[in-house]
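Notes follow once the structure below has been shown.
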Amino acid sequence: MHHPIVSTGSYQSLRVLLIDDDNFMLELISDILHDIGIANVITAAGGRQGITAFEAAKPAPDIVICDINMPDKDGFQLMELLAEQKYRGGVILVSGLTSRVMNSATLMANFHHLNILGALPKPIEKNALAALISKRQSPP
């Protein structure tokens with residue numbers, strides 16, 4: 001039995017929270033998400049806003065895309081919060097930092113039992129982001 005390739009239509013129902021302290025990155029990643037068929041994107045400029053947006057989102061977002069390196073609350077602090085909230089959605093980490101930092105962030109996410117879909121270096125590539133999102137099955 002073969003499985004059909006996931007069409008972008010299946011992303012219609014996904015809710016994504018995008019957190020980055022860089023407005024240009026917020027816009028860029030939002031555009032990519034819209035291109036691959038995700039209309040419901042909440043953006044937060046920085047970690048503190050991200051936490052507020054996460055706590056306000058009912059139901060919780062299906063996927064959180066988070067920059068690791070932010071001045072107010074960084075990706076590490078955000079992951080701790082997600083873990084405390086027993087967040088079960090997908091987490092995608094984004095960073096302009098070295099792969100060593102990305103590895104520590106991924107290890108920490110796993111330690112907190114977060115459903116980490118992957119980590120992407122900046123600049124973000126559309127295909128790479130789409131591939132990570134496709135790992136998160138849309139809810140039935």
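Computed from the coordinates by the stated procedures, all read-outs in this text should not be read as laboratory data. A quick note: this is a predicted structure, and the numbers were derived from the prediction, not measured. Virtual Cβ from ideal backbone geometry, glycine too; neighbours counted across all protein chains shown.
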query = Please state the relative contact order of the chain as a whole percent: Cα pairs under 8 Å, 6+ residues apart?
reply = 21
key: Note, ³J(HN,Hα) from phi for the range 72-87, Karplus 6.51, -1.76, 1.60, rounded to Hz, x at Gly and Pro   = 7, 10, 8, x, 5, 5, 5, 5, 4, 4, 4, 5, 4, 7, 6, 5
key: Rough spin-label spacing in nm, given labels placed 7 Å along Cα→Cβ, for residue 104 and residue 72   = 2.3
key: Partners for residue 122 among aspartates and glutamates (Cα-Cα distance below 14 Å; same-chain residues under 8 apart left out)   = 20, 21, 22, 27, 67
remark   = The helix 99-111 Cα axis meets the longest alpha-carbon principal axis of the chain at an angle in degrees, between 0 and 90 and rounded to 10, of 80
task = For residue 135, go through the lysines and keep the ones whose alpha-carbon is under 19 Å away, minus same-chain ones fewer than eight residues off.
result = 126
ask   = Which value in nm describes the separation of the simple spin-label points at residue 85 and residue 131, placed 7 Å from the Cα toward the beta carbon?
value = 2.9
inquiry  = Suppose we take every Cα in the range 1-104 and form the convex hull; what volume per residue is that in Å³?
reply    = 129
